[in-house]
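Notes follow once the structure below has been shown.
The values are calculated or read from the model by the stated rules, or taken from the named source; none is laboratory data. Note that the coordinates shown come from a computational prediction; the quantities given were computed from them, not determined experimentally. Neighbour counts are summed over all protein chains in view; Cβ atoms, including those assigned to glycine, are modelled from backbone coordinates with ideal geometry. Just the protein is used for accessible areas: all its heavy atoms, side chains included, with ligands, DNA and RNA removed. Shrake-Rupley method; radii C 1.70, N 1.55, O 1.52, S 1.80 Å.
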Amino acid sequence: MDYSFLLRSLPKFTTSATIMLLLLSCFSFTTTEAYDALDPNGNITIKWDVISWTPDGYVAVVTMFNFQQYRHIQAPGWTLGWTWAKKEVIWSMVGGQTTEQGDCSKFKGNIPHCCKKDPTVVDLLPGTPYNLQIANCCKGGVINSWAQDPATAASSFQISVGAAGTTNKTVRMPKNFTLKAPGPGYTCGPAKIVKPTKFFTQDGRRITQAMMTWNVTCTYSQFLAQKTPTCCVSLSSFYNDTIVPCPTCTCGCQNNGSHPGSCVDPDAPHLASVVSDHGKTNNLAPLVQCTSHMCPIRVHWHVKLNYKEYWRVKVTITNFNYRMNYTQWNLVVQHPNFDNLTQIFSFNYKPLTPYQAINDTAMLWGVKFYNDFLMQAGPFGNVQSELLFRKDKSTFTFDKGWAFPQRIYFNGDNCVMPPPDSYPYLPNASSRRGISIVVLVTTLLSSLSFFTARL
């Protein structure tokens, strides 16, 4: 990236050390923007296995493994693209298809499936005929996260490539891989040759091996995925009547004058027609309910009860998006008391311990066929659960916002928290402050009375 514009804008008296620190800070930001501290090794790995050679090319099985702990690919699914190194064509595909055929006019007789230099591949839909399926295909491009369901955290298709090399020395790897899931956010590195993949036969008594294998690694960055946040957090507690809302304009601001239709009033008489009209288009842009925060998703954390040895929290996820039903949603919460989580109601739970010794992060998701489907905005557009924690006397306190989470992710995206100084505070603290002020005023008035009487 060119940072010359920064140098030109600096004052003439700026020291060389200051310039060096500025450049280093810019470089560190751009190289770590895809790093996730709660899932440091998370990525999507694309494995390209050449399983046989053909007279003018090869047959390969391409598999995408989602090694991300909590970030999944939801409907309308993944889109994979690349650029051929030579003049390759795709003769046929099983378990997937290209979105365009391209110009195949030079071929007579057998017409390739795709002749584009830069093909784009999508998954087939459920219900595809069996003769067009292979293992791990035909889910509409939906891939689960590794922690949530590793059995469905992969997607595959088979491809027959022509006008390509027919040996390990003459074949050329594709380049410029792109992955949309379903929108932007992933950056893919170059293909790298690795040890050939080994396969077990169905009876498990024989092992076969790919002719050649290469891997492509794709990492996610929320900065690339969207310009604005997608979720926010609100807070409340039993010991304070204050409900701390999501920060105003977290995901955008209501501006019906310049952007009509940017949000929908839930009490509007034409609500049903607006939602149905937008549902006919495959538009990924959310159509949200008009709120002060304008976020598609709000997570509410309520400190509900305090017992002698336990304390209880209620978590509610509300969908304000009229265009999206969230299937297989998940929530990641960071709080120091998760090492003493005793019971959770109506959610699945799995601890995330990327740093082994620290157990302060939990992944929560819905129970299958019960609440794993978060419906669009409306009376049923929410899911909720309660968590019971055992108190650790050495760390437990309701003071200084300790009972509230440090960080929350919804479907892998970091949610915006309220500012810490707005958290609900303990009434005892305010009472102490109130008493001290009363005492001070009383003392001052007494002193004035005393001096007045002396005069």
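Inspection of segment 143-161 identifies no residue that is of a type in the set (G, A, S), part of a loop (DSSP other than H, G, I, E, B) and over 21 Å from N43 (Cβ atoms). Among the residues of segment 188-200, those that are surrounded by 12 or more Cβ atoms within 10 Å (Cβ to Cβ), within 30 Å of the chain's Cα centre (by Cα) and more than 18 Å from V121 (Cβ to Cβ) comprise G189, P190, I193, V194, T197. The sole residue among T230, T281, T250 that is under 28 Å from P351 (Cβ atoms), modelled with pLDDT under 95, of a type in the set (V, I, T) and within 25 Å of the chain's Cα centre (by Cα) is T230. In this entry, Q343 passes the filter for residues that are among the polar types (S, T, N, Q) and either in contact with a Ser or Thr (Cβ under 6 Å, 6 or more places away or on another chain) or modelled with pLDDT of 90 or more (or both).
Whether a residue is modelled with pLDDT under 90, under 23 Å from the mean Cα position of the chain (by Cα) and closer than 15 Å to A377 by Cβ was assessed, and L271 does not pass this test. For segment 201-238, the tally of residues that are aromatic (F, W, Y), in contact with a Lys or Arg (Cβ under 7 Å, 6 or more places away or on another chain) and open to solvent by 50 Å² or more (accessible area, probe 1.4 Å) stands at 1. Could you grab the pairs with beta carbons closer than 8 Å, sequence gap of 6+ or different chains, first residue in segment 303-316 and on the phi > 0 side of the Ramachandran plot, second one assigned to a loop (DSSP other than H, G, I, E, B) and modelled with pLDDT under 95? Nothing qualifies.
For (1) more than 28 Å from the chain's Cα centre (by Cα); (2) at pLDDT 95 or above; (3) on the phi < 0 side of the Ramachandran plot, each residue gets a yes or a no:
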site: G81; (1), (2), (3): no, yes, yes
site: A85; (1), (2), (3): yes, yes, yes
site: M93; (1), (2), (3): yes, yes, yes
site: G109; (1), (2), (3): yes, no, no
site: T120; (1), (2), (3): no, yes, yes
site: L124; (1), (2), (3): no, yes, yes
site: G141; (1), (2), (3): no, yes, no
site: A147; (1), (2), (3): no, no, yes
site: S155; (1), (2), (3): no, yes, yes
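Flag not set for S156, criterion: closer than 20 Å to Q69 by Cβ, touching a strand residue (DSSP E or B) at 6+ places or on another chain (Cβ under 8 Å), surrounded by 20 or more Cβ atoms within 10 Å (Cβ to Cβ) and of a type outside the set (K, R). Restricting attention to segment 85-99, the residues that are farther than 19 Å from K175 by Cα and assigned to a loop (DSSP other than H, G, I, E, B) add up to 1. When residues in segment 82-107 are screened for being closer than 20 Å to Y58 by Cα and either of a type outside the set (K, R) or open to solvent by less than 70 Å² (accessible area, probe 1.4 Å) (or both), 18 of them pass. Exactly one residue out of N110, N131, N176 is open to solvent by 80 Å² or more (accessible area, probe 1.4 Å) and either in a strand (DSSP E or B) or in contact with a Leu (Cβ under 8 Å, 6 or more places away or on another chain) (or both): that is N176. Residue pairs whose Cβ atoms lie under 8 Å apart, separated by 6 or more positions or on different chains, with the first residue in segment 221-245 and on the phi > 0 side of the Ramachandran plot and the second open to solvent by 70 Å² or more (accessible area, probe 1.4 Å) and modelled with pLDDT of 90 or more, do not occur.
Residues in segment 179-207 that are under 13 Å from W48 (Cβ atoms), in a loop (DSSP other than H, G, I, E, B) and touching a residue at least 40 places away in the same chain (Cβ under 8 Å): A191, P196, T197.
Annotation: G77 fulfils all but one of (1) within 33 Å of the chain's Cα centre (by Cα); (2) open to solvent by 70 Å² or more (accessible area, probe 1.4 Å); the unmet one is (2).
With respect to T219, is the statement that it is more than 30 Å from V315 (Cα to Cα) and in contact with a Cys (Cβ under 9 Å, 6 or more places away or on another chain) true? No.
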